[in-house]
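The values are calculated or read from the model by the stated rules, or taken from the named source; none is laboratory data. It should be emphasised that the depicted structure is a prediction, and the values quoted were computed from it without experimental measurement. Here the Cβ is made from the backbone with ideal geometry for all residues, glycine too, and neighbour counts use every protein chain on show.
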Amino acid sequence: MWTQKQDIGPSPRSGHTMTYDSEKQKVLLFGGRAVGELNDTWEWDGNVWGQVADTGPSARTFSAMAFDPLRKKAVLFGGLNGQNGQNLNDTWEWDGNEWTQVGDTGPSSRRAHAMVYDSIEKTVVLFGGYSQIQGNDIFYGDTWEWDGTDWTLIAETGPPGRTYHSMAYNESEQNVVLYSGAASGQPIPGDTWLLQDKKWKKAQDIGPGSLSQSSMVYTSHGVVLFGGSYTDNNQTSDNTWVWDGKYWTQRQDIGPSHRRLHSMAYDAQRERVVLFGGATSPPGVKYYGDTWELRIETGPE
């Protein structure tokens, strides 16, 4: 069941990134955009938001972040620079108190990629994203790992290159789950891919539909996906879906309004999916600043 928590906290925005800091047992939020790109850092403790930094990575949107519980740090990579419109390839870590830049080599400059922490490989995994080189659109299909010191390219085959896809690490199945996305303005037909032992395989071609700009997290009751934009008609979704390792099931949960470019994280201590922000589709884009929580009390309906 979805529950709206509060409207006080970070300003309305979209294209921000969130992860769960299991060390501090708080949800971490960074950046995004509304009128312009942002570089503020916030924490959610289940009751209130608190701003914890406004220095660190430059203002940006469409970056990605994952928490490394072994090293007790959140890792952030890339995004779109709000100052000059260039894509970024810098790597930052948040230790619970401050940001430190730890690299500017590895994956090429990009935005709208996705990252998760793989607890078996004990690395942060990055896949895909978008950039523009000499006027040409590039949709990446490469897979990288961050071990806390270096980035390593582990695969160049697997899902076709894409951007605005969703990823989560399924602890139950011990694999990375990737869903849908977009490329070259064309819809990707709602495909589900799994990464295990550094190898990708396609698992499904049916499910929530041709969605991009949605958000997905692992919970103790399965992988949860919410919202997004249908790439075949640009309409936004307010549907909640659960992946049980083999199949997608839609849940009849009434909750956040239709939206895209929101972000979610799973508070494992409180067993809640936390969602913040997002935007409607153009024209007349509206940015949200609302906070919602989802508790799944039973398995998929």
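Failed condition for residue 98, given (1) exposed (fewer than 14 other Cβ atoms within 10 Å of the Cβ); (2) closer than 24 Å to residue 164 by Cβ; (3) in contact (Cβ under 8 Å) with a residue 40 or more places away in the chain; (4) not β-branched (Val, Ile, Thr), with all others met?
Residue 98 satisfies every listed condition except (2).
Would you mention how many residues in the stretch 173-193 are crowded, with 19+ Cβ neighbours inside 10 Å, within 20 Å of residue 66 (Cα to Cα), in contact (Cβ under 8 Å) with a residue 24 or more places away in the chain and not β-branched (Val, Ile, Thr)?
Within the stretch 173-193, residues that are crowded, with 19+ Cβ neighbours inside 10 Å, within 20 Å of residue 66 (Cα to Cα), in contact (Cβ under 8 Å) with a residue 24 or more places away in the chain and not β-branched (Val, Ile, Thr) number 5.
Please work out if residue 30 is crowded, with 21+ Cβ neighbours inside 10 Å, within 26 Å of residue 154 (Cα to Cα) and not acidic (Asp, Glu).
no
Please work out which one of (1) surrounded by 23 or more Cβ atoms within 10 Å (Cβ to Cβ); (2) not in a strand (DSSP E or B) is the condition residue 120 fails and give its number.
Only one criterion in (1) surrounded by 23 or more Cβ atoms within 10 Å (Cβ to Cβ); (2) not in a strand (DSSP E or B) is unmet by residue 120, namely (1).
Among the residues of the stretch 267-280, count how many are buried (at least 24 other Cβ atoms within 10 Å of the Cβ) and not aliphatic (A, V, I, L, M).
Count: 3.
Confirm whether residue 131 is surrounded by 21 or more Cβ atoms within 10 Å (Cβ to Cβ) and within 16 Å of the chain's Cα centre (by Cα).
No: the conditions fail for residue 131.
State the number of residues belonging to the stretch 157-172 that are surrounded by fewer than 19 Cβ atoms within 10 Å (Cβ to Cβ), in contact with a Gly (Cβ under 7 Å, 6 or more places away or on another chain) and of a type in the set (D, E, K, R).
The qualifying residues number 0.
Mind listing whichever residues of the stretch 198-208 are surrounded by fewer than 19 Cβ atoms within 10 Å (Cβ to Cβ) and at pLDDT below 95?
Selection gives 204, 205, 206.
Give the residue that is nearest to the chain's Cα centre (by Cα), with candidates limited to residues of the stretch 188-227 that are more than 24 Å from residue 268 (Cα to Cα) and aliphatic (A, V, I, L, M).
Per the stated criteria, the residue is 211.
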